[in-house]
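Participant: Dumping the structure here so I can ask a few things about it.
All of the numbers you see were taken from the coordinates with simple rules; none came from a lab. Keep in mind it's a predicted model, so treat the numbers as computed, not measured. Cβ coordinates were reconstructed from backbone atoms using ideal geometry, including for glycine residues, and neighbour counts include every protein chain displayed.
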Amino acid sequence: MKTSIALIGFMGTGKTGVGKALAEKLGKEFFELDPLIEKKAGKTIPAIFKEDGEITFREFEIEAIKEVSKERNAVIACGGGVVLNKINIDRLKEEAVIVCLTASPQVILRRTSRDAEERPLLAIANPALAIKELLRFRRPFYERAADTTVNTSRLDIDSVVTQIIAKIKEYEGLS
Ligand code: S3P
């Protein structure tokens with residue numbers, strides 16, 4: 001029986017806020033990938049992208065997933081790009097049910113523009129276009145990785161948490 005939950009999904013779909021609330025509700029420990037990567041690298045995510053490039057960031061990400069995927073009874077909020085390397089999903093699936101959070105491009109733009117400079121992939125002249133193109137490219141990766149999916153566009157955090165719990169029960173009943 002899997003005891004952990006990994007939240008995947010595009011930037012701005014609510015992984016961090018929902019993850020914290022879900023962990024609290026279920027009495028599980030909360031882990032978030034990006035701060036773990038920043039600790040490993042000794043610098044912020046934008047600094048890693050700027051000084052070392054995305055490939056190096058992805059290598060840190062693979063290392064962080066390797067460690068955190070061993071945790072039992074955890075809620076893990078992943079970065080939006082973990083699905084790009086299949087090894088990450090294979091490792092997460094050993095202990096965790098994979099829940100994908102989705103949201104419309106408009107909602108993603110609104111949510112991510114609040115802290116735009118924290119996300120190097122969207123800190124550009126036309127973030128709306130970047131969101132559209134990245135979503136088009138990544139959608140099949142999210143769909144393939146997910147055990148179950150919750151659309152967060154119109155839901156507050158508590159409602160997303162309730163839906164996740166219901167969908168995991170449904171998923172466990174099926175598996
Ligand atoms: C990324 C998402 C970010 C962060 C990095 C790259 C991505 O995490 O890991 O900026 O490739 O989608 P959030 O999804 O938590 O914003």
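Participant: Go through the residues of region 56-64 one by one and say whether even a single one is away from the ligand (no atom under 15 Å from the Cβ) and within 26 Å of Met1 (Cβ to Cβ).
Facilitator: no
Participant: A further question on this structure: Determine which member of the set Pro127, Pro140 is within 24 Å of Thr56 (Cα to Cα) and more than 14 Å from the ligand (Cβ to nearest atom).
Facilitator: Working: Pro127 fails: more than 14 Å from the ligand (Cβ to nearest atom).
Unique residue meeting the criteria: Pro140.
Participant: Return the residues of region 125-145 that are assigned to a loop (DSSP other than H, G, I, E, B) and within 20 Å of Asp34 (Cα to Cα); say none if nothing qualifies. So that I can check it myself, show each step before the final result.
Facilitator: Of all residues in region 125-145, those assigned to a loop (DSSP other than H, G, I, E, B) come to 125-126.
Within region 125-145, no residue meets the criteria.
Participant: Another question, if that's okay. Could you say whether any residue in region 70-79 is more than 10 Å from the ligand (Cβ to nearest atom), of a type in the set (Asp, Glu) and under 17 Å from Thr148 (Cβ atoms)? Working first, answer last.
Facilitator: Going through region 70-79, the residues more than 10 Å from the ligand (Cβ to nearest atom) turn out to be 70-76.
Retained after the next criterion (residues that are of a type in the set (Asp, Glu)): 71.
Filter once more, keeping what is under 17 Å from Thr148 (Cβ atoms): none.
Checking region 70-79: not a single residue is more than 10 Å from the ligand (Cβ to nearest atom), of a type in the set (Asp, Glu) and under 17 Å from Thr148 (Cβ atoms).
Participant: Here's something else I'd like to know. Tell me, yes or no, whether region 156-174 has at least one residue that is under 15 Å from the mean Cα position of the chain (by Cα), not basic (Lys, Arg) and not in a helix (DSSP H, G or I).
Facilitator: No.
Participant: Listed residues Ala166, Ala128, Ala116; which is over 20 Å from Ile45 (Cβ atoms), touching a Pro at 6+ places or on another chain (Cβ under 9 Å), of a type outside the set (D, E, K, R) and without any contact (Cβ under 8 Å) to a residue 60 or more places away in the chain? Please lay out each step first, then the result.
Facilitator: Working: Ala166 fails: touching a Pro at 6+ places or on another chain (Cβ under 9 Å); Ala116 fails: over 20 Å from Ile45 (Cβ atoms).
Criteria check complete, one pass: Ala128.
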